[in-house]
There are 2 protein chains.
Amino acid sequence: MREHGGNLDQAQQRFGGCGEDWIDLSTGINRLPYPVGEIDSHSWSALPSRSEIETLHQAAQHAYGTSAPVVAIGGAQAAIQLLPRLAPPGRARILAPTYNEYAAVLSDAGWDVEDVRDLDALAGADLAIVVNPNNPDGRCHEPEDLLALQSRVGRLVIDESFADAVPHLSLASEAERPELLILRSFGKFYGLAGLRLGFALGNATDIATLAAMSGPWPISGAAIAIGCRALLDDAWATATSARLARDGVRLDAMVQSQGWRLVGGTPLFRLYETGDALDAQEKLARSQIWSRVFTKKPTWLRLGLPGIESEWTRLAEVLVR
Amino acid sequence: MREHGGNLDQAQQRFGGCGEDWIDLSTGINRLPYPVGEIDSHSWSALPSRSEIETLHQAAQHAYGTSAPVVAIGGAQAAIQLLPRLAPPGRARILAPTYNEYAAVLSDAGWDVEDVRDLDALAGADLAIVVNPNNPDGRCHEPEDLLALQSRVGRLVIDESFADAVPHLSLASEAERPELLILRSFGKFYGLAGLRLGFALGNATDIATLAAMSGPWPISGAAIAIGCRALLDDAWATATSARLARDGVRLDAMVQSQGWRLVGGTPLFRLYETGDALDAQEKLARSQIWSRVFTKKPTWLRLGLPGIESEWTRLAEVLVR
């Protein structure tokens, strides 16, 4: 398995403690999740029906502000697994550094993969990947700059896994354009990554192809039930976006004492330049707070936002040590 | 979408009623499911960890009586979606009639697909598919006959989606053989199809390939939590197998009044030869009992087993009309 956050089992092996002892800030998953509520027995026992899945698709269109065709999948990762097969292997260019699964999955499937450093350098690719806002450095691109790029590549995939709280950056409303494909994660903003739910938004042909590749029942009944409720809950989304924005500022202020410099971030995580990220990770881990380091960037430490107040207190206590 | 059971939304459109009014016997899903119990918040919010998935794999090995490598996937269907890519397209032969997704998925992926009527005719195929016991007719094959076939085909896939209650038919213990791949469904026997959980058992190479194609988090936290409990619960499995065996006999007896002839079945469903299956389906549907018909076999009606006693009573009342 490739290097990812959320690997709390490795943290426990190295530093002890059981799962509940740890505050896992190694991911960009909102630690104050959408309330799961009741799941009725039908959602557990029955195969998801066409009409239930269609209702979920409509809820996703509402949340993402689009009328473009949509398909629900088992997390944005499930779409990444299918991406290499939307077209015969060719030249893929990825705006890097970014989420490491893109390069790995595409190159395993025979694509010629090149990391590039700016939008312009994506031009000419058969498949161009932009994560907006980007993971892990929070780099953002304006929708019009991405649209200008669209005609210069074969297919432009915009991964908006961290866009929920910054909807002005989203191209979801334009997803139906022939060369565009938008990926959305449900689990990060709604804090329910274990549910395995995400969406692809795009033109009818691409969405039909992805749906056929995913099969008739790609997501669980619980994902449909919870997803429908959450994606229609505008009040929760608005309040959560506001809270995350405040909490990002709070975290940046809190880590200043360490001399860490903010590289960037999204409302769901912050990336800091530290002197030695492994050292910083270990300091936090000795108090059962897990963070994300990057082998290729030994000074980068990524922190998700603490959730309940006691988590902020624990983090503050570790940082003053 | 291809013709499947579980399409209760279509039944409601045609015959009215809301979901709870219906007894859905159109699938082979156990209507007395394994108790879901409590799902802890961690299962909803966190990405499944490697060690949690590994624990589930061990529970599956226990339940299926094997030490062969295993990978958890989003239902047996998820494995079917990946099957065409385990090898370059070649000649696939399917022991037919059977579950219609095999022929469709393989042929969409460029395989040359041939339906055959007996085991011997599978010989020479690059990929041979046997559903054992078979859906919808319950046809069974002895493990030794399947093993004898194994050296005569490139890869032999045994779909054991309905084998939980007839473990003596299972080849799970032999799954590590180089040409063998076993698919298991969790949702049918445990009555939790909405959970989307299944397993592939096979040699290390095939299982690693399927795992790579499925990505790092192919199943939900709830599937892991419930799957681990259920697959280790031998007492529940034993009692359920015994109950299903009794109930199959009970259903066969109950429909005798209709002049239907048993074609075959498994402990999870029965297939009857009727004069006119659409007519029989409609008779049941007018009382909100849904059944499965087959376009290509207009006299076949498949019925799952009723669950609680009131469902048996309702079915009995319809049948005497």
Scanning segment A:82-104 residue by residue, those more than 18 Å from A:Ala121 (Cβ to Cβ), free of Cβ contacts under 8 Å to residues at least 40 places away in the same chain and in contact with a helix residue (DSSP H, G or I) (Cβ under 6 Å, 6 or more places away or on another chain) turn out to be A:Pro84
Give the residues of segment B:37-52 that are buried (at least 20 other Cβ atoms within 10 Å of the Cβ) and under 20 Å from B:Leu192 (Cα atoms), sorted by residue number. B:Ser43, B:Trp44, B:Pro48, B:Glu52
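Name the residue, out of A:Asp234, A:Asp252, that is within 28 Å of A:Ser310 (Cβ to Cβ) and either within 14 Å of another protein chain (Cβ to nearest Cβ) or more than 18 Å from the chain's Cα centre (by Cα) (or both).
A:Asp252
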Exactly one condition in (1) touching a Pro at 6+ places or on another chain (Cβ under 9 Å); (2) crowded, with 24+ Cβ neighbours inside 10 Å; (3) within 16 Å of B:Ser43 (Cα to Cα) is false for B:Ala222; which is it? (1)
Would you pick out the residues in segment B:1-51 that are assigned to a helix (DSSP H, G or I), within 7 Å of chain A (Cβ to nearest Cβ) and either in contact with a Lys or Arg (Cβ under 8 Å, 6 or more places away or on another chain) or touching a residue at least 40 places away in the same chain (Cβ under 8 Å) (or both)? B:Leu8, B:Asp9, B:His42, B:Ser43, B:Trp44, B:Ser45
Just one of (1) part of a helix (DSSP H, G or I); (2) within 30 Å of A:Asp126 (Cβ to Cβ); (3) within 14 Å of chain B (Cβ to nearest Cβ) trips up A:Gly194, so point out which. (2)
Pick out, from segment A:203-321, the helices (runs of 4 or more DSSP H) lying fully within it that include 1 or more residues that are free of Cβ contacts under 8 Å to residues at least 12 places away in the same chain. A:204-214, A:234-255, A:277-285, A:309-320
Can you pull out the residues in segment B:80-91 that are more than 13 Å from chain A (Cβ to nearest Cβ) and either surrounded by 23 or more Cβ atoms within 10 Å (Cβ to Cβ) or not basic (Lys, Arg) (or both)? B:Leu86, B:Ala87, B:Pro89, B:Gly90
Residue list for segment A:163-179, filter: buried (at least 24 other Cβ atoms within 10 Å of the Cβ) and touching a Gly at 6+ places or on another chain (Cβ under 8 Å): A:Ala172, A:Ala175
Of all residues being more than 20 Å from the chain's Cα centre (by Cα) and among the β-branched types (Val, Ile, Thr) in segment B:111-161, which is nearest to B:Gly202 (Cα to Cα)? Just the residue, please. B:Val153
Within segment B:94-128, can you find the residues that are over 15 Å from B:Pro84 (Cβ atoms) and among the aliphatic types (A, V, I, L, M)? B:Leu95, B:Ala96, B:Val116, B:Leu119, B:Ala121, B:Leu122, B:Ala123
In segment A:61-79, is there at least one residue being facing another protein chain (nearest Cβ under 8 Å), in a loop (DSSP other than H, G, I, E, B) and modelled with pLDDT under 95? no
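Please go through segment B:135-150 and pick out each residue that is touching a strand residue (DSSP E or B) at 6+ places or on another chain (Cβ under 8 Å) and closer than 30 Å to B:Val293 by Cβ.
Taking segment B:135-150 as the starting set, the residues that turn out to be touching a strand residue (DSSP E or B) at 6+ places or on another chain (Cβ under 8 Å) are B:135-139, B:141, B:146, B:149-150.
Matches in segment B:135-150: B:Asn135, B:Pro136, B:Asp137, B:Gly138, B:Arg139, B:His141, B:Leu146.
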Mind counting the residues in segment A:20-40 that are touching a helix residue (DSSP H, G or I) at 6+ places or on another chain (Cβ under 9 Å) and either among the polar types (S, T, N, Q) or farther than 13 Å from A:Ile226 by Cβ (or both)? 12
Scope segment A:96-110; condition surrounded by fewer than 23 Cβ atoms within 10 Å (Cβ to Cβ) and either more than 14 Å from every other protein chain (Cβ to nearest Cβ) or under 15 Å from the mean Cα position of the chain (by Cα) (or both); matching residues: A:Ala96, A:Pro97, A:Thr98, A:Tyr99, A:Asn100, A:Glu101, A:Ala103
From (1) farther than 22 Å from B:Gly248 by Cβ; (2) surrounded by fewer than 23 Cβ atoms within 10 Å (Cβ to Cβ), pick out the condition that doesn't hold for B:Ile129. (2)
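The values are calculated or read from the model by the stated rules, or taken from the named source; none is laboratory data. The model shown is predicted, which means the values in this text are computed figures rather than measured ones. Every residue, glycine as well, gets a Cβ built from its backbone with ideal geometry; the counts of neighbours run over all protein chains shown.
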